[in-house]
Structure formats: structure tokens, C-alpha cells
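Following: one structure in C-alpha cells, then a few remarks.
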Amino acid sequence: MLIYRTPDGLARGHGDDVLLLDLPYRDLGDLLTAAADRHAATRALADAAVRMIIPMLDAELLAPVAAPRRLVLVGANYADHVDEAGMATPTEPMFLLLTDPEVSGPTDDIQLPAQAPSQVDYEGELAIVLTGGGTDIPVARAWEHIAGLTVANDVSARDMQMSAMSGGMIRDIDTLSRSKSFPTFKPIGPAVLMNDDLAQQPDLVLQTLVNGELRQQARTSAMLFDLAEIVAHVSRHVELDDGDVVLTGTPSGVALADGRYLDAEDIAEVRIGGIGSLRNTVTP
């Protein structure tokens, strides 16, 4: 089941339409907070009465979680990206935590920041939407904390990012966080594929295109650390909450490797089979 967020509330995907649901929750994060567990949330979405049928082409789709309390950015989780970045292969998931982050929608513009406009990079990623948070979640139970999956672009100001690091180590966490958190730098969506429709480590095709040119392509089964391992590891360091979003890393093909950074008027697309696509225009 694919769940969308519109200005009028949550909606279910149905063929070429979205079905606007009669629910008191305007945001998936609010529903996950109210529901007893992910199964209860899925039942509420599946059983809700339909208020309106909207053709998909006419629907205004927003980020499915409007305001996550935390955004977890996992890095170095595909071997080919580790190689192109000249990094050592990690022995456990590496991540950066952003608190009270700003996310944007699947068709919102990506604005080049005045502070760092010249090396803005794309990173197509599969993202987890969490439910029933907590700490010290065992790997064997981690799947119960995954409400569903969505598409993300972990846009980054690479010059700022690299200035905050030395020898692969972080030396300025504030600058590193800023390089990843400019307004419009975290488009997510267009839908959340709910967990009840998933295998525990789904093998999905991820692609990133710039102006129609394929830049990244991988299968999510190629991750060094699978989804359950990521959730369990992060929960040992951070208390997770309903509606938190975890970006699970990007494969090779980023602009950091070849210098083809995003420019004004470029169109960055991230596609994941079975979930949908982001399509964001770059603006000055």
C-alpha cells in the first residue's frame, strides 16, 4: 500500500488515482504516533473511508512526513560509493543526526544556497520511516519499527562538507551538519510504501538522473548494512521516535567523484521501483 500526503490529508494510491482518506491525521507522522503499532497504522489506512478520488496527475503531493523530529543520514553503505570516495570500508553503520530538520516535497525546488552554491551534489537514497521508536532495539525486532519506505535525495554542499572533515574523520560537526541541512536540501516522497507490503530486505532498483542522464543505479540489496542493522545500530546511540526518517546511504555516481555538480535549471530525479520518483528543479 502506497500512502501519500496532500494539502487535504492522507491518501491511498489506487492505480492512476489517489484516494483521499477520511482520517483525522493530516500527516503520516501523526498517525504513527497515535497508532499502537505499525500494524494498527496500516489497518487504519486500509480501512478508512474515501472522501474523494483525485487523478494522480492532478494531485498535489507533499513530503509524506511533514516535520520529523530527527533525520538520520547514513553514509558509506554501498561498497562502490565507498571506493569512489576513497574511504575505508566501515565495520558498522556511520551516521549523522539532524534534529528538527526541514524536509521538502517530491516536486519542490532545490535552491542553491548563497553561502555555498558551487558544489551542490545529489545522493539518491532509500529512506525508512520509523514507528514505535525507542532505544537499544535488537536487530531481530528492528523490522517492527519500520513503518515503511520512501525515496530521498540527500542533497549536500560538498565544499562545506569536505572542509568539515579530515582523513575521513569529522573535525567540525556544526559545519558538516550545515552542509546537509540548507532549506530544500532534503526532498522526500512521493509516497511511503507501507511495511506490510515488504520483504525484510527489499531488493529495489534505485536510480538518480540529472537532466535525464542516468548518474546512479543500484539495487538496495547491495547495501553493506541492511535496514534492520541500521535501525538497531542507530537506536543504540539515539532515542528514536514515531515519524523519524532514516536515509540509508547512496551508491556510486555522485558529483563528488567527477565534478559534475548541480547547476541552476538542472532537474534532479531519484527513482525507486515500487515507490515512485522525486523530480526537483534546481534554482539559484
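The values are calculated or read from the model by the stated rules, or taken from the named source; none is laboratory data. Quick caveat, the model's predicted, so the values are computed rather than measured. Positions of Cβ are backbone-derived with ideal geometry, glycine not excepted, and every protein chain shown enters the neighbour counts. SASA here: full protein model, heavy atoms, side chains in, ligands and nucleic acids out. Shrake-Rupley method; radii C 1.70, N 1.55, O 1.52, S 1.80 Å.
Calculated on the alpha-carbon coordinates, the convex hull of the chain measures out at 116 cubic angstrom per residue. Remark on region 6-78: ratio of C-alpha radius of gyration to 2.2 N^0.38 Å is 1.25.
Here, P(r) means the percent of Cα pairs in each 5 Å bin from 0 to the largest distance; for region 135-195 it is 4, 16, 16, 13, 13, 18, 17, 4. In this simple spin-label approximation, Ala79 and Thr135 carry label points 7 Å from Cα along the Cα→Cβ vector, and these lie 3.6 nm apart. Sorted on the mean count of surrounding Cβ atoms within 10 Å across their residues, most packed first, peptides 248-261, 192-205 read 248-261, 192-205. Across region 197-283, the fraction of Cα-Cα pairs farther apart than 21 Å, rounded to a whole number, is 42%. Taking the Cα centre of region 39-124 as reference, the dipole from Cβ charges on Lys and Arg (+1) and Asp and Glu (-1) amounts to some 500 debye. Which net charge results when you count Lys and Arg as +1 and Asp and Glu as -1 among the other residues whose beta-carbon is under 15 Å from that of Ala191? Its environment carries a net charge of -2. A 1.4 Å probe run over region 1-105, with the rest of the protein chains in place, finds 48 Å² accessible per residue. Rounded to whole numbers, the Karplus 3J(HN,Hα) couplings from phi for region 128-141 are 9, 9, 8, 9, x, x, x, 10, 6, 6, x, 4, 5, 10 Hz, using 6.51 cos²θ - 1.76 cosθ + 1.60 with θ = phi - 60°, and x at Gly and Pro. The calculated pair-distance distribution of region 118-270 uses every alpha carbon pair, bins of 10 angstrom beginning at 0, and gives 11, 36, 37, 16, 1 percent. Among 226-239, 176-189, the peptide with the highest mean count of other Cβ atoms within 10 Å heads the list, and the full ranking is 176-189, 226-239. Based on C-alpha pairs under 8 angstrom that are at least 6 apart in sequence, the chain has a relative contact order of 27 percent. Compactness of region 151-227, taken as the C-alpha radius of gyration over 2.2 N^0.38 Å, stands at 1.36.
How high is the FRET efficiency between Asp16 and Ala46 when r is their beta carbon distance and R₀ equals 22 Å, given to the nearest 0.05? My answer for the efficiency is 0.70. Counting only the backbone N, which residues of region 197-236 are under 16 Å from the spot 7 Å out from the Cα of Thr89 toward its beta-carbon? Within reach of a label on Thr89, which here means backbone N under 16 Å from a point 7 Å along Cα→Cβ, region 197-236 contributes 222-226.
Highest average first, the peptides 208-215, 121-128 ordered by how many other beta carbon atoms sit within 10 Å of their residues are 121-128, 208-215.
Between the listed residues Val254, Pro106, Ala41, the Cα displaced farthest toward the positive end of the dipole of the chain, a dipole computed from Cβ unit charges relative to the Cα centre, is found at Ala41. Its residue count N fixes a reference of 2.2 N^0.38 Å for region 1-142, and the Cα radius of gyration divided by that reference is 1.26.
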